[in-house]
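Worksheet: one structure, shown below.
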Number of protein chains: 2
Amino acid sequence: MHIYNLDDIKKTIEPRALIKSQEEGFVAYSEGRVVVPPVGYLHFEEASGDCHIKYGYIKADDYFVVKIATGFYKNPEIGLPVGSGMMALFSQKTGDVEALLLDEGYLTDMRTAAAGAVAAKYLAPKHIDRIGIVGTGAQARFQLEMLKSVTDCRDACVWGRDERKGEQYKSDMVGSAFSVQAVSRIEELMDSCNLIVTTTAAREPLLYASQLLAGTHVTAVGADAQGKQELDPQIFKVADVRVVDSIPQCVDHGDTSHAVKEGLIEKGQLVELGAVIKNPELGRTKEDQITVADLTGVAVQDIQIAKLTYEYLTHYKSPIYRDRNRA
Amino acid sequence: MHIYNLDDIKKTIEPRALIKSQEEGFVAYSEGRVVVPPVGYLHFEEASGDCHIKYGYIKADDYFVVKIATGFYKNPEIGLPVGSGMMALFSQKTGDVEALLLDEGYLTDMRTAAAGAVAAKYLAPKHIDRIGIVGTGAQARFQLEMLKSVTDCRDACVWGRDERKGEQYKSDMVGSAFSVQAVSRIEELMDSCNLIVTTTAAREPLLYASQLLAGTHVTAVGADAQGKQELDPQIFKVADVRVVDSIPQCVDHGDTSHAVKEGLIEKGQLVELGAVIKNPELGRTKEDQITVADLTGVAVQDIQIAKLTYEYLTHYKSPIYRDRNRA
């Protein structure tokens, strides 16, 4: 049994390998080869905190994975990050815990960003004029970084509700591969970008269908729970291709759910990302199509990134702790 | 964040403190002060394995606890124990993981044994002639050891389906505080014991009501899942007091469930162990009464033993790993 901490885990992320492994995970999920029971949940009223326990496995694989993720929203008041957590890998043959990855939520951020890159790889137009990032937090940065592996475009535009945070994002990105412009009106972003990623915790639409350029692809990663919403539901109606990471999950609480509830689209008009990866003709077929991807996060992504990270770590890093008694 | 391994955890168990802390847990549970969502479950057909994820917290307490426990029934074929697992303590204020207890299932064994001692403390007759242990496995040993703290009786009798294992149990107990006799017929045990603990994975009754001596207390700890059964359901009918660790759980899959399904008793005739601890008149009131306790295991027991163990460890042991970055 091996234990690794965040410092070492951070050194393992290789975007291309991660994107490939996430793709394989989405395919396995959409082919029904993944066992993922309902998410465990604890809520702490007073501390404004919650804990999600996601667990599952790919059938006939080596490992199963349990992820414990916390979000405590008053933490910043005492100088702590909101999110933390860890992942545990267990053997499917013996039940032994093989590795603990004390990633403090980092691997969840990375697999979410990698899923955005997968969506762009299969759905964005061939020629990307400019990448639009909606939101200015950590995920807004990771998404842009991860897109580097799937597009040559290095021109980006960022918008956030708080203009200062947009400027901060821009200055933080100096020295990155990207030339970033921060804009004060989201319309400026939508007027020039044909690949847009939304990464906010919004509870009302930020992007409207009427403002989308022809040929735009939109990926929304913010709506991971009931009540959250980043996209005008009309976007799902006008889109030529509507992709989701998980049909049941997106219909339940993704951005997609608003469009389905309002009767703008039907469940049958959705296609899972895993199905598109396996059969790319289900995705974009023309440059001027509008495509949308709703990513709510599925446990197979955690399974895939935990396995990949552990495999890398066993080859290149010493664990902070190794159990002598067990294999 | 601190990590401790089995070697250090084993040194922390102090039976009296453990029994007291389990009592407090049962009381909190029966008073509705414990949040325990449904257990998470994964099954592995080919390896004949399963994984249970139990999690929850006592309201307004310092910690919440997630326990991951595995049982892989082909492990002995390759020289590994069936069960393994770990417990994680998190702060209810910040969500940070405070401690990982890599106990490999040991703490579950201990809290189960301590619950048996709690049941005996409140339900056994004042004068215990002889302790009867049904089953010859690890839990059969832990139960007897833990009873040392709640009774002066040092005379015990063991019965198991496999006579050789009974003899092995007896010889393993040489040097313990107990004088142990191994018997080949369970009737011999029932003829002389007025405190009986059943610890088997039986799926059919082993103990029959007609064989019980007046004044006997029976604790059953083996029926932790659907289909398991150690007691003749008539025992619940003839008993004067019927105690369970959790009414919903025991009615669902405990030994109690068979008696309820057969219409021998009603749910209203059950009393929870926590209620008996708080109000001992709900338990045994006369020496010649027959009493029964059905213990299926509740997550509050894990919460309590994890907290107690961690508190001891922080005072007396160095962790195998301490995170420098976080508190």
All other residues with a Cβ under 13 Å from the Cβ of A:R185 taken together, and with Lys, Arg as +1 and Asp, Glu as -1, what is their net charge?
-3
Which lysines have a Cα less than 18 Å from the Cα of A:K228, not counting those fewer than 8 places away in the same chain?
A:K261
On average, how many beta carbons from a partner chain sit within 10 Å of the beta carbon of a residue in A:95-102?
6
Within the protein assembly as shown: Cβ-based charge dipole about Cα centre, in debye rounded to nearest 20 (Lys, Arg +1; Asp, Glu -1):
780
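Order of B:Y29, B:Y208, A:Y169 from fewest to most other C-beta atoms within 10 Å?
Sorted ascending by nearby Cβ count, the order is B:Y208, A:Y169, B:Y29.
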Placing each pseudo-label 7 Å from Cα in the direction of the beta carbon, A:K267 and A:A138 end up separated by a distance in nanometres of 3.5
A correct fewest-to-most ranking of B:S149, B:S318 by other Cβ atoms within 10 Å would be B:S318, B:S149
By its C-alpha gyration tensor, with a ≥ b ≥ c as the square roots of the eigenvalues, how is segment A:58-187 shaped: rounded for a/c under 1.5, else prolate for a/b larger than b/c, else oblate?
oblate
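Summing +1 for each Lys or Arg and -1 for each Asp or Glu, what net charge is found among the other residues whose Cβ lies under 13 Å from the Cβ of A:A69?
Numbers: positive: A:K54, A:K67, A:R111; negative: A:D50, A:D103, A:E104, A:D109, A:D224, A:D302, B:D96.
Net local charge, A:A69 excluded: -4.
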So what is the relative contact order of chain A, in percent, for Cα pairs below 8 Å that sit 6 or more residues apart?
21
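Report Rg(Cα)/(2.2 N^0.38 Å) for segment B:118-297, keeping two decimals.
On the way: Rg = 15.0 Å, N = 180, 2.2 N^0.38 = 15.8 Å.
Compactness ratio reported: 0.95.
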Enter the Cα centre distance for the pair segment A:145-198 and segment B:59-132, rounded to the nearest angstrom.
51
Given only helices, namely DSSP H runs of n ≥ 4 each adding -39500 (n - 2.57), what is the per-residue ellipticity at 222 nm of chain A, to the nearest 500 deg cm²/dmol?
-9500 deg cm²/dmol
Magnitude of the Cβ-charge dipole of chain A, K/R +1 and D/E -1, about the Cα centre, nearest 20 debye?
660
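Just in segment B:145-238: which trypsin sites (Lys or Arg not before Pro) are loop by DSSP and have at most 10 other Cβ atoms within 10 Å? Write down the numbers at each step before the final one.
Numbers: sites: B:K148, B:R154, B:R161, B:R164, B:K165, B:K170, B:R185, B:R203, B:K228, B:K237; in loops: B:K148, B:R154, B:R161, B:R185, B:K228.
For trypsin sites (Lys or Arg not before Pro) across segment B:145-238 that sit outside H, G, I, E and B with at most 10 neighbouring Cβ atoms in 10 Å, the list reads B:R185.
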So if each residue of separation counts as 0.36 nm, and I subtract the Cα-Cα distance between B:D155 and B:R33, what length gain in nm does that give?
40.1 nm
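Inside 10 Å of the C-beta atoms of A:29-37, what's the mean count of C-beta atoms belonging to other chains?
Mean shielding count: 1.
Might you report the magnitude of the Cβ-based charge dipole of segment B:1-152 about its Cα centre, with Lys and Arg at +1 and Asp and Glu at -1, to the nearest 20 debye?
Details: 16 positive and 20 negative charges, 107 e Å.
Result for segment B:1-152 is approximately 520 debye, rounded to the nearest 20.
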Choose one answer from B:E204, B:E45, B:E188: the residue with the largest mean-square fluctuation in a GNM of chain B with alpha-carbon springs under 10 Å.
B:E45
Relative frequency of Cα-Cα separations exceeding 42 Å in the protein assembly as shown, percent
35
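Give the residue list of GluC sites (Glu not before Pro) in segment B:257-327 that are DSSP loop and have at most 10 other beta-carbon atoms within 10 angstrom. Kindly include the intermediate steps, with their values, before the conclusion.
On the way: sites: B:E262, B:E266, B:E272, B:E281, B:E287, B:E311; in loops: B:E262, B:E266, B:E287.
When the GluC sites (Glu not before Pro) of segment B:257-327 are filtered for loop state and at most 10 Cβ neighbours within 10 Å, B:E266 remain.
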Going Cα to Cα from B:K237, which aspartates and glutamates come in below 14 Å? Please leave out same-chain ones fewer than 8 positions away.
B:D255, B:E262, B:E266, B:D294
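From the cross-link list A:K74/B:K54; A:K20/A:K267; B:K10/B:K148, which pairs have alpha carbons spaced over 24 Å apart? Spell out each step's value before the answer.
Details: A:K74/B:K54 26 Å; A:K20/A:K267 27 Å; B:K10/B:K148 18 Å.
Those over the limit are A:K74/B:K54; A:K20/A:K267.
So, counting K/R as plus one and D/E as minus one, what does the shell of residues with Cβ under 13 Å around A:V251 add up to?
Values: positive: A:R242, A:K261, A:K267; negative: A:D245, A:D252, A:D255, A:E262, A:E266, A:E272, A:D294.
In short, -4.
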Trypsin sites (Lys or Arg not before Pro), restricted to segment A:82-145: which are DSSP loop and have at most 15 other Cβ atoms within 10 Å?
A:K126
Would you list which lysines come within 16 Å of A:K11, measuring only between C-alpha atoms, while excluding same-chain residues fewer than 8 positions from it?
A:K307, A:K317
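Bear in mind these aren't lab numbers, they're just calculated from the coordinates by the rules spelled out. As the structure is a computational prediction, the values presented were derived from the model and not from experiment. Glycine also receives a Cβ, built like all others from the backbone with ideal geometry; neighbour counts cover every protein chain displayed.
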